[in-house]
Amino acid sequence: VRAPLRRVIRELPDELISQIAAGEVVERPASVVRELVDNALDAGATQISLKLQAGGIRSIVVEDDGAGIPVEELPLALRRHATSKIGSLDDLEHVATMGFRGEALAAISSVAEMAIASRTSQDAHASRLDARSGELSPSARAVGTSVEVRELFFNTPARRKFLKSESTELAHCVDAVRRHALARPDVSFAVWHEGKLVEQWRAASSQQRVKDVLGSDFEAASRELLLERGPMRVFGRAGLPEASRSRADMQYVYVNGRFVRDKLIAHGIRSAYEDVLHGNRQPAYVLFIDIAPELVDVNVHPTKIEVRFRDGREVHQQVRHAVTQALALSRAPAAESLAP
Ligand code: ADP
Ligand code: MG
């Protein structure tokens, strides 16, 4: 017979609460990259540069030329549930920014060493806040923000053990930037690792950005897709059968500019390929859905990688239709071109 176990109920210390919450958001260096680039984009950055060391495990520095954070708000930026992006339930239901939970910086600073240096156009100079000591000091940089994250999971060794090799973590970090880069061709991105430039995408047209990020082979073997209906717009590029792959590693889906994984959308796309792809071939595609924000719930998962649609069937149908149309146009050599 087990001895009855009775322990008193206690409130957890703040630091432990943060570390538990951080577990949901920060899984690996790439999660930090994703959150920091989200923040830079929300701040209106046009140039974002990332400097990584040891696959991002030792250090991640993200610099942007966005609006910056006023010095008096710097300490607040690190607090849990503190955000400049929403203030009410109504805001939440119409959210148009990547962030809104006010969790990322708090989460990251609870599992890594962190510092933020920022300067707004109103400031004579930048200020730097060290997260651990709370020390605020004058610093030098142009208008914008730099966030430095060092020694990820130094204080949560169990988490640290789950990290893979530096090269694998680096690949995930680059992939995180790639996802943003596809969605924001108007923004320039540069990724450095150990002092070497590993990727650079300069601001370009969306077609050029697809070429730069996914390669000209994919661009040549894909067709533009575009379908507008009511509050929904589906656009992007659908790979032709010859662009298909043995792995599902070139499938990018975005809802209102945010990279998501969605079974319903994936199924809609897949069903459009039914007649043209066989066996285990995986289609390649970049598909964006822009939809009225009130028709989609983005607050489903802490990492916001899942969404829920008000009318999933309609989304499924339109996605399928858009892809089918793009593929069909490519197969029937344009009727107009035969006309006199
Ligand atoms: P969220 O993005 O959900 O608001 P974060 O913890 O990621 O929460 O950021 C907290 C706040 O700090 C943001 O709401 C924003 O005001 C500010 N902030 C964070 N990163 C930046 C940045 N790169 N540029 C300007 N402001 C930033
Ligand atoms: Mg954020």
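Restricting to segment 99-119, and then to whatever is more than 18 Å from LEU52 (Cα to Cα) and either outside the structural domain of GLY23 (by TED's automatic domain parsing) or among the small types (Gly, Ala, Ser) (or both), can you tell me which residue is nearest to the chain's Cα centre (by Cα)? Looking at residues that are more than 18 Å from LEU52 (Cα to Cα) and either outside the structural domain of GLY23 (by TED's automatic domain parsing) or among the small types (Gly, Ala, Ser) (or both), I get GLY99. Set side by side, the residues MET250, MET232 differ, and just one is touching a Phe, Trp or Tyr at 6+ places or on another chain (Cβ under 8 Å), at pLDDT 95 or above and of a type outside the set (Lys, Arg), which is MET250. Got a sec? Which of ALA183, ALA142 is buried (at least 18 other Cβ atoms within 10 Å of the Cβ) and in contact (Cβ under 8 Å) with a residue 40 or more places away in the chain? Of the residues listed, the single one that is buried (at least 18 other Cβ atoms within 10 Å of the Cβ) and in contact (Cβ under 8 Å) with a residue 40 or more places away in the chain is ALA183. Every residue in segment 81-140 that is within 16 Å of ligand 2 (Cβ to nearest atom), polar (S, T, N, Q) and part of a loop (DSSP other than H, G, I, E, B), please. The answer is THR83, SER84, THR97.
Restrict the check to segment 61-70 and report whether at least one residue is in a loop (DSSP other than H, G, I, E, B) and more than 12 Å from ligand 1 (Cβ to nearest atom). Within segment 61-70, none of the residues are in a loop (DSSP other than H, G, I, E, B) and more than 12 Å from ligand 1 (Cβ to nearest atom).
Please identify the pairs in which a residue from segment 217-232 that is within 18 Å of ALA272 (Cα to Cα) and touching a residue at least 24 places away in the same chain (Cβ under 8 Å) has its Cβ atom under 8 Å from the Cβ atom of a residue that is assigned to a strand (DSSP E or B) and among the basic types (Lys, Arg), counting only partners at least 6 apart or on another chain. As it stands, the answer is SER222/ARG237; ARG223/ARG237; GLU224/ARG237; LEU225/ARG237; LEU226/ARG233; LEU227/ARG233, since those pairs meet every condition given. Checking each residue in segment 82-103 for being within 13 Å of ligand 1 (Cβ to nearest atom) and in contact with a helix residue (DSSP H, G or I) (Cβ under 8 Å, 6 or more places away or on another chain) picks out ALA82, SER84, LYS85, ILE86, VAL95, ALA96, THR97, MET98, GLY99, PHE100, GLU103. The residue list GLU294, GLU306 contains one member that is more than 24 Å from THR324 (Cα to Cα) and not in a loop (DSSP other than H, G, I, E, B), which is GLU294. For segment 36-61, the set of residues classified as within 12 Å of ligand 2 (Cβ to nearest atom) and more than 21 Å from GLU194 (Cα to Cα) consists of ASP38, ASN39, ALA40, LEU41, ASP42, ALA43, listed by residue number.
The set of residues from segment 39-50 being surrounded by fewer than 19 Cβ atoms within 10 Å (Cβ to Cβ) and more than 9 Å from ligand 1 (Cβ to nearest atom) comprises THR46, GLN47.
The values are calculated or read from the model by the stated rules, or taken from the named source; none is laboratory data. Quick caveat, the model's predicted, so the values are computed rather than measured. When we count neighbours, we look across all protein chains shown, and the Cβ atoms used for this are built from the backbone with ideal geometry, even at glycine.
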